[in-house]
Each structure stands twice: as structure tokens, then as C-alpha cells.
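Chemist: One structure coming up, written as C-alpha cells, with questions to follow.
The values are calculated or read from the model by the stated rules, or taken from the named source; none is laboratory data. All values derive from a computational prediction rather than experimental measurement. We place every Cβ from the backbone using ideal geometry, glycine too, and count neighbours over all the protein chains shown.
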Amino acid sequence: MPAAPAPLDPPAARFDDRAFQAALGAGDACMADLRAFRALLAEWNGRMNLVGPSALAEFWERHALDSAQLRRVAPDARVWADLGAGAGFPGLVLAIMAKGEPAAHVHLVESMAKRCRFLQAVTDALGLPASVHNVRAEALSLRVDVVTARACAPMARLLGYAWPYLRQGATGLFLKGQDVGSELQEAARYWKFEADLIPSMSSPEGRVVRVKKVSRVRPV
């Protein structure tokens with residue numbers, strides 16, 4: 001008799017909105033806003049290609065969870081700046097989660113006008129504690145608790161974009177992938193800084209890079 005086929009591995013559990021809510025302890029109002037954000041992203045994406053084709057299917061883990069984890073790293077932060085805010089990750093997610101908290105505010109900094117229109121539309125529709133700035137990141141000098149960015153630039157250039165915020169005392173929290181080690185080595189040629197790497201909740205290869213005590217060594 002032919003050998004019986006090997007049993008198939010069970011399919012991986014899908015990370016959906018319920019899994020997100022369980023992982024972050026998000027309230028029902030917050031979840032309603034996140035679902036509304038996802039719906040607006042899908043609507044606008046059909047017109048201006050804000051995110052790649054797989055992004056909506058992976059919204060809860062790859063994008064929402066990746067963004068929201070920053071709140072656990074900096075639970076006492078109230079004012080944030082998201083550089084290269086793009087489609088709203090992490091900035092819009094952070095603003096949704098901070099909605100209703102005293103003194104909470106997120107500055108969404110984005111140089112592309114069409115993306116700013118989307119960011120403003122979501123901010124207005126959901127009544128978020130956020131401001132949209134249609135400028136280059138280094139053109140502003142805002143006093144914030146945390147400056148963050150995701151998929152914005154390699155670390156050496158990113159520290160330059162964040163420098164106006166960092167030199168006023170902000171902590172840098174930057175979402176990075178598997179190349180973070182080489183990026184930090186390259187950045188050390190131009191900047192002096194303290195950095196620690198925090199494992200990501202959304203990807204085994206991902207890291208949250210926390211940066212403090214930054215000073216310039218030479219121009220990038």
C-alpha cells in the first residue's frame with residue numbers, strides 16, 4: 001500500500017481586528033476609529049495609491065500593530081511628531097489611540113501634498129488630536145516628547161531630518177527592519193548617539209530603535 005500522505009500543517013491564525021484589540025487592550029471606541037481609518041484608506045487608495053496592494057489585507061498586524069506598539073515603548077509621551085507621515089503609519093494610529101487624552105497631540109509631517117490631503121481628511125473625519133504639516137521634516141522645529149518615523153530614510157539621513165526635534169530634547173523612536181545594524185553603523189560615522197533596540201511586536205525581524213543624546217559629528 002502507498003504510504004499515507006503526511007498531515008498538512010494547520011494554517012497560521014489570521015491576525016485581525018480582534019487579535020489587535022486583544023494584543024493592545026484597545027477600547028471599543030478606539031477600534032471603531034481604526035476600522036474607519038482602514039475604510040478611508042481603502043477608499044483613497046483607489047484614487048492615489050497610498051499603500052501597496054497587500055497593505056489592506058495586512059492592515060492589522062503589519063501596519064496598525066507596528067504603529068501602535070510605540071505607545072508601549074513611550075507610555076508617558078503626549079506630543080509626537082511623525083516624519084514622512086505618508087498614509088498615516090504610525091502617526092494616525094497614534095492619534096487614534098491618544099484621542100481623548102489630556103494634552104495629547106500628533107504632528108503629521110509630510111512633504112507630498114496629496115498625502116497631506118488624505119491625512120487631513122482622516123483627521124477631520126475622526127476628530128483626531130493631530131495637525132498636518134505640508135513641509136519637509138527638517139523645515140520644522142517643534143518641541144515634542146517623541147519624534148518617530150517609519151520607512152522614511154536610512155538612519156544616517158533620518159537623524160538629520162529628526163535633528164530639529166532631537167536637539168530640543170525629544171526621544172527618537174524609529175521603526176526599522178532587519179538591516180538596522182548596518183544602518184546604525186553607517187549613522188555612527190556622522191552622528192554621536194545612544195541607541196537601544198527593542199524587539200518588534202509585529203515582526204521577528206523588526207526593531208524599534210530608541211535614540212537619545214544625539215549630536216552631529218560631521219555632515220551626512
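Chemist: Could you give every pair whose Cβ atoms fall below 8 Å, whose first residue belongs to region 129-152 and is closer than 16 Å to residue 171 by Cα, and whose second residue is part of a helix (DSSP H, G or I) and charged (D, E, K, R), counting only separations of at least 6 or pairs across chains?
Modeler: Matching pairs, first to second residue: 150/66.
Chemist: Here is a list: 123, 148. Which entry is surrounded by 16 or more Cβ atoms within 10 Å (Cβ to Cβ), part of a helix (DSSP H, G or I) and polar (S, T, N, Q)?
Modeler: 123
Chemist: Pick from region 61-86 the residues that are assigned to a loop (DSSP other than H, G, I, E, B) and either of a type in the set (D, E, K, R) or in contact with a strand residue (DSSP E or B) (Cβ under 9 Å, 6 or more places away or on another chain) (or both): which of them is nearest to residue 25 (Cα to Cα)?
Modeler: By that ranking, first place goes to 69.
Chemist: Would you be able to tell me the number of residues in region 99-140 that are out of contact with any strand residue (DSSP E or B) (no Cβ under 7 Å at 6 or more places or on another chain), closer than 17 Å to residue 37 by Cβ and not acidic (Asp, Glu)?
Modeler: Final tally of qualifying residues: 12.
Chemist: While we're looking at this one, here's another question. Any chance region 123-144 includes a residue that's modelled with pLDDT of 95 or more and closer than 18 Å to residue 73 by Cα?
Modeler: Yes, region 123-144 contains at least one residue that is modelled with pLDDT of 95 or more and closer than 18 Å to residue 73 by Cα.
Chemist: Quick one: how many residues across region 167-220 are within 17 Å of residue 74 (Cα to Cα) and aliphatic (A, V, I, L, M)?
Modeler: Result for region 167-220: 10.
Let's see how each residue does on (1) hydrophobic (A, V, I, L, M, F, W, C); (2) assigned to a helix (DSSP H, G or I); (3) under 29 Å from residue 26 (Cα atoms):
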| site | (1), (2), (3) |
| --- | --- |
| 117 | no, yes, yes |
| 144 | yes, no, yes |
| 153 | yes, no, no |
| 158 | yes, yes, no |
| 184 | yes, yes, no |
| 192 | no, no, no |
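Chemist: Just one of 175, 197 is out of contact with any Pro (no Cβ under 6 Å at 6 or more places or on another chain) and crowded, with 20+ Cβ neighbours inside 10 Å; which is it?
Modeler: Just a single option satisfies the conditions, and that option is 175.
Chemist: Name the residue that is farthest from residue 113 (Cα to Cα), counting only residues in region 48-84 that are polar (S, T, N, Q) and surrounded by 18 or more Cβ atoms within 10 Å (Cβ to Cβ).
Modeler: By that ranking, first place goes to 69.
Chemist: Which residues, counting only those in region 102-120, are surrounded by fewer than 21 Cβ atoms within 10 Å (Cβ to Cβ) and more than 16 Å from residue 70 (Cα to Cα)? Full working, then the answer.
Modeler: Step one: list which residues in region 102-120 are surrounded by fewer than 21 Cβ atoms within 10 Å (Cβ to Cβ), which gives 102-105, 111-114, 116-117, 120.
Within region 102-120, 102, 103, 111, 112, 113, 114, 116, 117, 120 qualify.
Chemist: Return the total of residues in region 50-71 being in contact (Cβ under 8 Å) with a residue 24 or more places away in the chain and not aliphatic (A, V, I, L, M).
Modeler: Residues that pass the stated criteria total 8.
Chemist: With the requirement that a residue be aromatic (Phe, Trp, Tyr) and closer than 19 Å to residue 71 by Cα, what does region 20-50 give you? I'd like the intermediate steps shown before the answer.
Modeler: So the first thing to find is which residues in region 20-50 are aromatic (Phe, Trp, Tyr), and the list is 20, 37, 44.
Hits for region 20-50 are 20, 37.
Chemist: Before we move on, is residue 87 hydrophobic (A, V, I, L, M, F, W, C) and surrounded by 13 or more Cβ atoms within 10 Å (Cβ to Cβ)?
Modeler: Against the criterion (hydrophobic (A, V, I, L, M, F, W, C) and surrounded by 13 or more Cβ atoms within 10 Å (Cβ to Cβ)), residue 87 qualifies.
Chemist: Sort through 37, 89 and tell me the only one that's assigned to a loop (DSSP other than H, G, I, E, B) and either modelled with pLDDT of 95 or more or of a type in the set (S, T, N, Q) (or both).
Modeler: 89
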